[in-house]
Amino acid sequence: MNLRIKNIIALFLTFYISLTNVVAQDKLAEEILKKLSNTTKAYSNISIEFEHVFINKSAGINESSIGNLELMGENFRINMPGQLIVNNGITHWIYLKDMNELTITNYDLESEDVLSPNKLFTIYDKDYKNIYVQASSANGERIHIIDLFPKESGPIMKIQLTISVVRNQISKLDLHDKNGGIYTYNIKSFKTNQELPPFTIDIANYPEVEVIDLR
């Protein structure tokens with residue numbers, strides 16, 4: 001067997017092994033995401049404490065904040081230092097604390113982008129291709145890292161999920177946008193099936209609030 005044929009065979013074997021590994025990793029990612037999806041959907045609700053970091057190096061932006069997020073179906077509530085956002089799947093309230101201003105709008109789930117809180121924990125269900133990145137450890141906990149890439153062009157180029165192996169829960173989300181921005185959600189506390197107050201804002205609880213009703 002001459003050297004040229006040997007090189008061709010070696011190249012073919014290398015390609016075949018690489019392709020086999022990619023297929024195996026894709027299958028592993030799909031299995032992990034399916035298990036994660038089934039677990040997440042089994043919760044009646046989710047209550048999270050998080051740190052949000054937004055970085056855009058080209059724009060010189062490095063901002064961080066903390067907050068609480070409560071999810072139940074299409075309902076969500078976000079409480080952060082400067083604002084309170086409440087949504088019941090029909091009506092959307094945004095209360096700016098420093099300005100004592102409340103904006104009320106109708107909510108259209110289909111028109112919302114991937115950054116909508118009630119999509120953050122189910123974005124891996126469809127419309128994304130997935131790639132298994134690696135198994136690793138963080139804070140003494142085994143984790144899977146999986147990248148998601150949208151099948152259609154949009155504001156988000158890539159989403160990286162960090163998933164706890166033992167708890168089968170997302171512990172970190174990184175969303176990369178087309179402008180070089182990275183939105184990171186570090187989940188500090190993840191509770192499920194809690195007693196949650198109604199997803200609404202009672203104007204009577206906000207004396208002298210300025211209401212902007214755009215419904």
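Quick grid of which residues meet (1) within 25 Å of Glu210 (Cα to Cα); (2) out of contact with any helix residue (DSSP H, G or I) (no Cβ under 8 Å at 6 or more places or on another chain); (3) among the charged types (D, E, K, R):
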residue: Glu49; (1), (2), (3): no, yes, yes
residue: Lys57; (1), (2), (3): no, yes, yes
residue: Asn68; (1), (2), (3): yes, yes, no
residue: Glu74; (1), (2), (3): no, no, yes
residue: Ile78; (1), (2), (3): yes, no, no
residue: Gly82; (1), (2), (3): yes, yes, no
residue: Ile94; (1), (2), (3): yes, yes, no
residue: Asp98; (1), (2), (3): yes, yes, yes
residue: Leu102; (1), (2), (3): yes, no, no
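What number of residues in segment 186-215 are of a type in the set (A, V, I, L, M), assigned to a strand (DSSP E or B) and more than 21 Å from Lys41 (Cα to Cα)?
Selection size over segment 186-215: 2.
Can you tell me which residue within segment 118-147, out of those that are part of a loop (DSSP other than H, G, I, E, B) and at pLDDT below 85, is nearest to the chain's Cα centre (by Cα)?
It comes out as Phe121.
Kindly provide the set of residues from segment 132-141 that are surrounded by fewer than 17 Cβ atoms within 10 Å (Cβ to Cβ) and closer than 17 Å to Glu31 by Cα, ordered by number.
If the condition is that a residue be surrounded by fewer than 17 Cβ atoms within 10 Å (Cβ to Cβ) and closer than 17 Å to Glu31 by Cα, then Val133, Gln134, Ala135 are the ones that fit.
Name, by its number, the condition in (1) among the hydrophobic types (A, V, I, L, M, F, W, C); (2) farther than 27 Å from Asn75 by Cβ; (3) more than 17 Å from the chain's Cα centre (by Cα) that does not hold for Val211.
Here Val211 meets the rest and fails (2).
Gly154: under 25 Å from Ile48 (Cα atoms), out of contact with any Lys or Arg (no Cβ under 7 Å at 6 or more places or on another chain) and of a type in the set (Gly, Ala, Ser), yes or no?
Judged against the criteria, Gly154 is not a match.
Given the conditions (1) part of a loop (DSSP other than H, G, I, E, B); (2) closer than 25 Å to Ile170 by Cβ, report the number of the one that Gly67 does not fulfil.
Looking at each condition in turn, Gly67 falls short on (1).
Tell me which of these Asn168 doesn't satisfy, since it passes every other one: (1) without any contact (Cβ under 8 Å) to a residue 40 or more places away in the chain; (2) within 18 Å of Glu30 (Cβ to Cβ); (3) out of contact with any His (no Cβ under 7 Å at 6 or more places or on another chain).
(1) is the only condition that Asn168 fails.
I'm checking my understanding of the structure. Among residues of segment 148-167 that are within 13 Å of the chain's Cα centre (by Cα) and open to solvent by less than 20 Å² (accessible area, probe 1.4 Å), which one is farthest from Ile131 (Cα to Cα)?
Of everything passing the filter in segment 148-167, Ile156 is farthest from Ile131 (Cα to Cα).
The values are calculated or read from the model by the stated rules, or taken from the named source; none is laboratory data. Here the structure is a predicted model, which is why all the values come from computation and not from measurement. Note that each Cβ is placed from the backbone with ideal geometry, even for glycine, and that neighbours are counted across all protein chains shown. Note: areas computed on protein heavy atoms with side chains; ligands, DNA, RNA excluded. Shrake-Rupley method; radii C 1.70, N 1.55, O 1.52, S 1.80 Å.
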